[in-house]
Structure formats: C-alpha cells, structure tokens
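Note sheet for the following structure.
Read-outs: derived from the displayed coordinates by stated rules, not from any lab. Remember, predicted model here, so these are calculated numbers, not experimental data. All Cβ positions, even for glycine, are placed from backbone atoms using ideal geometry, and neighbour counts span all protein chains on display.
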Amino acid sequence: MTVDLDIEGLGKSFVVKGKPITVLDGINLEVRDGELLVIVGHSGCGKSTLLKIIAGLEQPTAGRCELNGHEITKPGTDRCMIFQEHRLFPWMSIENNVQFGLKGRPKAERQRISDHLLNLVKLGDFKDAYPSQLSGGMSQRAAIARALATDPEILLLDEPFGALDALTKIELQDELLHIRKQQHNTMIMVTHDIEEAVYLADRIVVMSTRPGRIEEIIDVDLGEHRDRGSNEFAAYKSRVYDHFLRTREVVKAS
Ligand SMILES: Nc1ncnc2c1ncn2[C@@H]1O[C@H](COP(=O)(O)OP(=O)(O)O)[C@@H](O)[C@H]1O
Ligand SMILES: [Mg+2]
C-alpha cells in the first residue's frame, strides 16, 4: 500500500496553568510515499508534538491529520515511533524485545522476522543479550529493529541519534539509509542537527519558533551518496542555518 499522509490546517494548544498556549499553528504538509522527511526547528517549537499527533498519541485542537484517507485518532500498527532513549524492555533479551509486537503470530514467523531484522541492524550475534549489555548505538539499532517488526508504513523518529557520540551517530545515519533501502518505509524524523538533516533528508521542513509554523520546505537534491565536505552540501546547510539565525533574531528583538 502506498502511504499518503495529509496534514491540513493543523493546530495544537495546551492549557498550562489555566492559560492556553498555542504550540502548532496552521501546519499544512503532505508526506510522500517512501520519502525521508526531516523536521528541524528550535527547541520547544512543537516538533515532538507534531510527531505525537501523527503517531496518534496526541489529538490536534485544529485541522486534520489523515493517513490514507482516514483521520488519525489513536495509535496503530501502521505507525511506530522511536525516541531519543531506546525504551527497550530491560528484562527481555534483544530478540524478545524485537518479537514483542508479534505476539499471536506463529513462533517460526516471529523467529524469521526477528532474525531478519537483527541481521539488518547488525545485531545478529546479540539476540540473547539484554539491553544493559549493549552500547548506546547498539540499543538504538535494537529499538529500530523492534519498531520495524510489525512492518509499519511510517516510522516516526524523534531525535533518535541525539544522545549518541559523533562517530556512532554517523554510523547510525548510514545504517538508517541502508535500512530504508531494504524496507522502503516512509520516515519522518526530527533532529536539531542540521548536518544530519542535510545528510539524510529527501526534504527538510524548517519550522519557526513557537507557535510552530512551517517556514520553508527544502528539497535536498544531493542524490544517494552524499559528501559532507562538498560545496553543495555546505550550501544546503547554510540555507537551513540562515532560517535559524533569522528566527533567533526575531526572538531576541521581541
Ligand atoms: N502535554 C503538554 N502539556 C503542556 N505543554 C506541553 C505538553 N507537551 C508539550 N508542551 C509544550 O509545548 C511546547 C512544544 O513542545 P515539544 O513539541 O516537545 O517541542 P520540541 O520537540 O520542538 O522541542 C513546549 O513549550 C512544551 O512545554
Ligand atoms: Mg522534542
């Protein structure tokens, strides 16, 4: 099935100490089938809230969010979210973590899926290990394998590599691209790392400060194998930085 995620006029307000605070305002976005869409924006501009609405974990207060023609009102197996911290179950082996969402399926099928995914994320030799025995990068790879087990149409990644050291982060970025090539999921990822956005994204959504609005959507036309040192790469980075500097000045001036 092709993925068609359509966000129209989306808004979200929270009531904090009796006062409404608008976090997202007038978000219009169509996510294309199979694309890797990266959302960047200042801290607190509503990026996580937007992902949670797509995941069905929060409800919008204005507008709509539709997946394949159906309004999203609750979580479903067609969407899966990955967080900065891996959230694996510490009392289960890595293999049992990956098989967790497959309860009720025949044992051989569960085994086949977890073997495939653990090999895909290069943890084939660690299926009997427990989360506490893995490094940060390995745990996050296990979390990705667990998320993929139910074959979600959309993977939602909220700063998934934000807590990793620089070299592990680069490794995981390449693995994410590899996984995507094999599995063809649509991915929506939030990051505050502009280089990561330019390295991974088909399109970058730049958000304004709160209330979060879409400032610009940038098509990243750098092909499959991207060179972080190239002039073209630097040009995309400075285009995104310009937005951040501009919006920061607005905040300072107000
Ligand atoms: N459940 C909630 N109740 C009240 N305020 C919230 C809630 N969730 C998020 N917020 C507020 O909404 C704003 C945006 O949060 P968030 O989406 O987490 O931002 P980001 O991920 O871009 O840093 C923040 O000011 C945050 O405090
Ligand atoms: Mg966030």
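Here are some notes:
- Computed from the C-beta positions of Ala62 and Asn119, the FRET efficiency with R₀ = 45 Å rounds to 0.50.
- For Thr61, nonlocal amide neighbours, meaning residues 5 or more places apart or on other chains whose placed amide H falls under 5 Å from its own, are Gly11, Lys12, Ser13.
- Taking amide H positions as modeled 1.01 Å from N, with prolines and chain starts lacking one, the residues under 5 Å from Glu216 and 5 or more places away or on another chain are Val206.
- Shape call, segment 122-182: gyration tensor on alpha carbons, a/c limit 1.5: oblate
- Highest-MSF residue in the chain out of His192, His86, His225 [GNM, Cα springs under 10 Å]: His225
- Built amide H within the under 5 Å cut-off of Asp4, gap 5+: Asn68
- Between Asp174 and Met1, the modelled label-to-label distance comes to 3.6 nm, taking each label 7 Å out from Cα in the direction of the beta carbon.
- Looking at segment 100-167, the trypsin sites (Lys or Arg not before Pro) that sit in a DSSP loop and have at most 13 other Cβ atoms within 10 Å of their own Cβ are Lys103.
- Mean separation of Cα contacts under 8 Å (6+ apart) over length of segment 88-151, as relative contact order %: 51
- In this simple spin-label approximation, His70 and Arg246 carry label points 7 Å from Cα along the Cα→Cβ vector, and these lie 3.9 nm apart.
- Mean separation of Cα contacts under 8 Å (6+ apart) over length of segment 1-118, as relative contact order %: 23
- Under the Karplus curve 6.51 cos²θ - 1.76 cosθ + 1.60, θ = phi - 60°, whole-Hz ³J(HN,Hα) for segment 77-94, x wherever Gly or Pro sits: 6, 6, 10, 9, 10, 10, 10, 4, 9, 5, 6, 6, 7, x, 8, 10, 5, 4
- 3J(HN,Hα) along segment 211-223: x, x, 10, 7, 7, 7, 10, 10, 6, 9, 9, 10, x Hz, from the Karplus curve 6.51 cos²θ - 1.76 cosθ + 1.60 with θ = phi - 60°, whole Hz, x for Gly and Pro.
- For the pair Ser43 and Ser230, a Förster radius of 35 Å applied to the C-beta separation gives a FRET efficiency near 0.75, rounded to the nearest 0.05.
- Mean-square fluctuations from a GNM of the chain, with a 10 angstrom spring cutoff on Cα atoms, peak among Ala166, Ala145, Ala201 at Ala166.
- Each residue of segment 178-192 is assigned a 3J(HN,Hα), and the resulting list reads 5, 4, 5, 5, 7, 9, 6, 6, 7, 10, 10, 10, 9, 8, 9 Hz, derived from the Karplus form 6.51 cos²θ - 1.76 cosθ + 1.60 (θ = phi - 60°), x at Gly and Pro.
- Within a Gaussian network of the chain (alpha carbon springs, distance under 10 Å), most fluctuating of Gly46, Gly76, Gly229: Gly229
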